[in-house]
1. Of the residues that make up region A:110-127, is at least one within 14 Å of chain B (Cβ to nearest Cβ), open to solvent by 10 Å² or more (accessible area, probe 1.4 Å) and without any contact (Cβ under 8 Å) to a residue 60 or more places away in the chain?
2. Checking the conditions here, which among A:Val210, A:Val191, A:Val184 is touching a Pro at 6+ places or on another chain (Cβ under 6 Å), assigned to a helix (DSSP H, G or I) and surrounded by 15 or more Cβ atoms within 10 Å (Cβ to Cβ)?
3. Sort out which residues of region B:74-104 are among the β-branched types (Val, Ile, Thr) and either within 16 Å of ligand 2 (Cβ to nearest atom) or in contact with a Leu (Cβ under 6 Å, 6 or more places away or on another chain) (or both), and write them in order of number.
4. Counting only residues that are in contact (Cβ under 8 Å) with a residue 60 or more places away in the chain and open to solvent by 70 Å² or more (accessible area, probe 1.4 Å), how many does region A:138-166 have?
5. Considering only residues of region A:44-103 that are part of a helix (DSSP H, G or I) and touching a Pro at 6+ places or on another chain (Cβ under 9 Å), which is most open to solvent (accessible area, probe 1.4 Å)?
6. So, in region B:137-188, how many residues would count as being more than 20 Å from B:Leu277 (Cβ to Cβ) and of a type in the set (Lys, Arg)?
7. Looking at the structure I just gave you, is B:Asp167 at negative phi and either within 12 Å of the chain's Cα centre (by Cα) or within 16 Å of ligand 2 (Cβ to nearest atom) (or both)?
Amino acid sequence: MTATTPSATAHNSAHKLFSLGRVSAIAGNTLRDLVRQKVFYFMLVFALVLIGTSLAMAVLSFQGQLQTVMDVSLGAMSVFTMLLAVLSTAMVLPKDIEDRTLYTILAKPVARFEYLLGKLSGVVLMLLIATLLMTVFFCVVLWFWQGREIANISTFAQPHLVDAEVAKVKAGTFTGTLFGGIGVIFLRAVVCSALTLMVSTFATSWLFTVIVALMMILIGHLVPIARSVWMDPMQAGVDMPWHLSLFLRVITVFFPDMQLFNIVDDIAVGTHVAAGIFGQVAALGGGYVAIYVLVAYLFFAWREL
Amino acid sequence: MSTPAISIQNLTKEFTPPSVLKRGAITAVRNLSLNVEAGHVYGLLGPNGSGKSTTMKVVLGLVTPTAGKTFIFGKDSRDVESREAVGFLPENPYFYKFLTGEETVHFYGKLCGIRGKMLNDRTRELLALVGLEDAAHRRVGGYSKGMLQRIGLAQALVQDPRLLVLDEPTAGVDPAGSREICDLILKFKARGLTVLLCSHLLSQVQEICDRIGIMHRGELVREGPLDQLIAIENQTELVLENASPELLKELRAKIASSGARVVGEGRPQQNLERYFLEVTSDAKKSNQ
Ligand SMILES: Nc1ncnc2c1ncn2[C@@H]1O[C@H](COP(=O)(O)OP(=O)(O)O)[C@@H](O)[C@H]1O
Ligand SMILES: [Mg+2]
């Protein structure tokens, strides 16, 4: 073999510092592992059941509100993508360390940065698949609701108003804002995933990672309050010592500002959101992911395996 | 002399316990220096906890040394590039359970930048080499210990490295499986691969290694060519076939008159391992 296939020798060519091929090999492998886990289907089925139930709730409630469908479905998608992100990302590193597969991977010419990025990409792909499946199901539910609404209008509305009413229902169901909101839900899950990956690079167990990550996400909901206090303590009516102010500054950098993603709640109640806002949220979310991956790398690069 | 395959220079590795309350650091390896020349099979021996695995992990850049440096073919272990030329089989390896044997080798091949038809050919070749063609499409989760070690060897060899680092490649494997792995290592040796291995099976080490180092409590206490280390300097062995009693009598007389002394005399025995394998392979045949 040594003599017959010298072409297989990779060590003649110069080593690339970063290779998309290596990252995608790790990502593909991680994705495969994750979608073979029971937890994935469990969560997915739960979310789908909830989204399905939203239709029943909307039908049973006397007025048959679109808002009920939106509220329950987007809520279910939010909770399940975030939980899926935290629970599965927390598993990724400890599993490789425990099974020593990490040794065999890092003993190949794979940089630790590539490894982390590959793992995160695998989780992100899994979240994308989960989000798409939920979205497809959600669209089916919405389509049912729309059909029912149109049937109602035809039966009950005054004949000369039917066309206008039907057009209104159609324009108000599958909106760009709605799909933008689903994008925000996905982005939030990716931020949670990057955060969890960062925690897992210094944590020693799955449970510890999950708890710390969930706590950080919870604290993240308080970030805007903290920020308003340190930005303008006088106005907030607080006389703050400098070290507390510094502490709050650190918090706002390390904890994700989860209020950022609250536009999903507005979308659920039917508020129109401008494209520019989505752009801002995407940029800030991307910034968080970048920071977490960088910090994760710094921890992981120095970690004893 | 050419660049050594592995060069370890004054390596010290201390593990600091995570908790400050615990006692001080454990020194896993203390001031260890050794070279493994290209083409050699080097055996690292030592009791459990003597620092063999730690030494290997430092060489592979998996563990950061406290002091000292290690090189693979002249490249610093801290550089990712140094890993182009080395294949590693860790102690008790596990692979992704949900992958088949073939997919496993594919995965590691992709990590080494091998793609397409070349990867497929290479995978088939390696699975044949380690004798896992029949299990290629079975999930690794269902593999036996011996099969895991062999798929581990296949992934270690995937980029056709010049150096193999094997941490207890025969631990926990039955005698027949252990023999097969030994024969594979001898095959690699014949092809000019450099091998660094550690093992507790001293008879196997004796059979396949050119050079050994013995570690004890993190220190290298003995090091050198195997035959020199264990040779008894002032004795010579003579094994005869079909020697008549007269010839033996004559020899004894000659030896006595020359001032030498016969220390021992007897029939050479084949080693138990070979005997066991001979018997069990016959049994297998007659059962079939
Ligand atoms: N990650 C680690 N953290 C703390 N101590 C370790 C670690 N790895 C190894 N050790 C300690 O270092 C010593 C040497 O271990 P090792 O290199 O595995 O020995 P061997 O392979 O010769 O059995 C042992 O005392 C072991 O407990
Ligand atoms: Mg060991």
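1. no
2. Numbers: A:Val210 fails: touching a Pro at 6+ places or on another chain (Cβ under 6 Å); A:Val184 fails: touching a Pro at 6+ places or on another chain (Cβ under 6 Å).
The match here is A:Val191.
3. We begin by selecting, within region B:74-104, every residue among the β-branched types (Val, Ile, Thr); these are B:80, B:86, B:100, B:104.
Passing the criteria: only B:Val86.
4. Here is the first cut: in region A:138-166, the ones in contact (Cβ under 8 Å) with a residue 60 or more places away in the chain are A:138, A:141-142, A:144-145, A:148-149, A:152.
Cutting the leftovers down to open to solvent by 70 Å² or more (accessible area, probe 1.4 Å) gives us A:144, A:148.
Qualifying residue count for the region: 2.
5. Within region A:44-103, the first condition is being part of a helix (DSSP H, G or I), and the residues that meet it are A:44-60, A:66-98, A:101-103.
Keeping just the survivors that are touching a Pro at 6+ places or on another chain (Cβ under 9 Å) gives A:101, A:103.
Details: A:Thr101: 1, A:Tyr103: 28 Å².
Among residues in region A:44-103 that are part of a helix (DSSP H, G or I) and touching a Pro at 6+ places or on another chain (Cβ under 9 Å), the one most open to solvent (accessible area, probe 1.4 Å) is A:Tyr103.
6. Looking only at that region, the number is 3.
7. On the way: at negative phi: yes; either within 12 Å of the chain's Cα centre (by Cα) or within 16 Å of ligand 2 (Cβ to nearest atom) (or both): yes.
So B:Asp167 passes the test.
Yes or no, residue by residue, for (1) of a type in the set (Lys, Arg); (2) open to solvent by less than 10 Å² (accessible area, probe 1.4 Å); (3) out of contact with any Ser or Thr (no Cβ under 8 Å at 6 or more places or on another chain):
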| site | (1), (2), (3) |
| --- | --- |
| B:Arg122 | yes, yes, no |
| B:Ala128 | no, no, yes |
| B:Arg139 | yes, no, no |
| B:Gln155 | no, yes, no |
| B:Val165 | no, yes, yes |
| B:Ile181 | no, yes, no |
| B:Ile185 | no, yes, yes |
| B:Val195 | no, yes, yes |
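The values are calculated or read from the model by the stated rules, or taken from the named source; none is laboratory data. This is a predicted model, so every value here is computed, not measured. Every residue, glycine as well, gets a Cβ built from its backbone with ideal geometry; the counts of neighbours run over all protein chains shown. For the accessible areas, the whole protein counts, side chains as well, though only heavy atoms, and no ligand, DNA or RNA atoms are used. Shrake-Rupley method; radii C 1.70, N 1.55, O 1.52, S 1.80 Å.
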